[in-house]
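Bear in mind that the values in this text are calculations on the coordinates, not laboratory data. Since we're looking at a predicted model, the values are computed, not measured. Note that each Cβ is placed from the backbone with ideal geometry, even for glycine, and that neighbours are counted across all protein chains shown.
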Amino acid sequence: HKITDRGALVSAGINPRAVAELLNDVYADQLYNHHYLHADPHPGNLLVQPGADGPRLVLLDHGLTLALEPELVAPLGRMVRAISEGDLDAMAAALRETGLPIEEGADLDALLGLVGVLLGGEEHLDGDEEDAAGSVDLGKLGRSFGSGIGDIPPKLLLVGRAIGLLDGITRQLDPDLDAMQIVARHAREGEEGS
């Protein structure tokens, strides 16, 4: 069943909340414990099957699967922890560690806007960041948030896009699920296992 077809899931005896939890578990485990990511988790690439122990997630189209360096994964874990604790200075420091050039004292609203785009929760592109072929100019995108933010590393943007897609699917399946709690648990486990 297509992951976002709640009616088909329920008809098959599959709990949408269990699917949302599994989805976040699988992706957080990939990122923080295995350092790779199926970076194209749109609903057409995610199927759900009933299983004896609960739902089974089927990932399709692995053409955009990324190997992620520990130097990117570790600060992403610190960023998740900082977001969950509301520590904006630690969030900015973690983003700097991912390779995103953020000046000390960068505009807080700009930084939060950038995190919103990276996590997929907000749209920011106004057309100026795209070239003639429709590709996003990462430098223009980063600078569009203010002079204190530079070019966005491509892998960071792909991870952010994947997280945004996952967030959208999670909200469709169970808008009350605290996915950040699941992701933070995996980030801690990944940090402890390093």
Environment charge at residue 81 (Cβ cut-off 13 Å; Lys +1, Arg +1, Asp -1, Glu -1): -4
Ranked 36, 27, criterion: other C-beta atoms within 10 Å, fewest first: 36, 27
Distant-in-sequence amide H partners of residue 87 (H built 1.01 Å from N, under 5 Å): none
Cβ-based exposure ranking for 64, 156, in which fewest neighbours within 10 Å come first: 64, 156
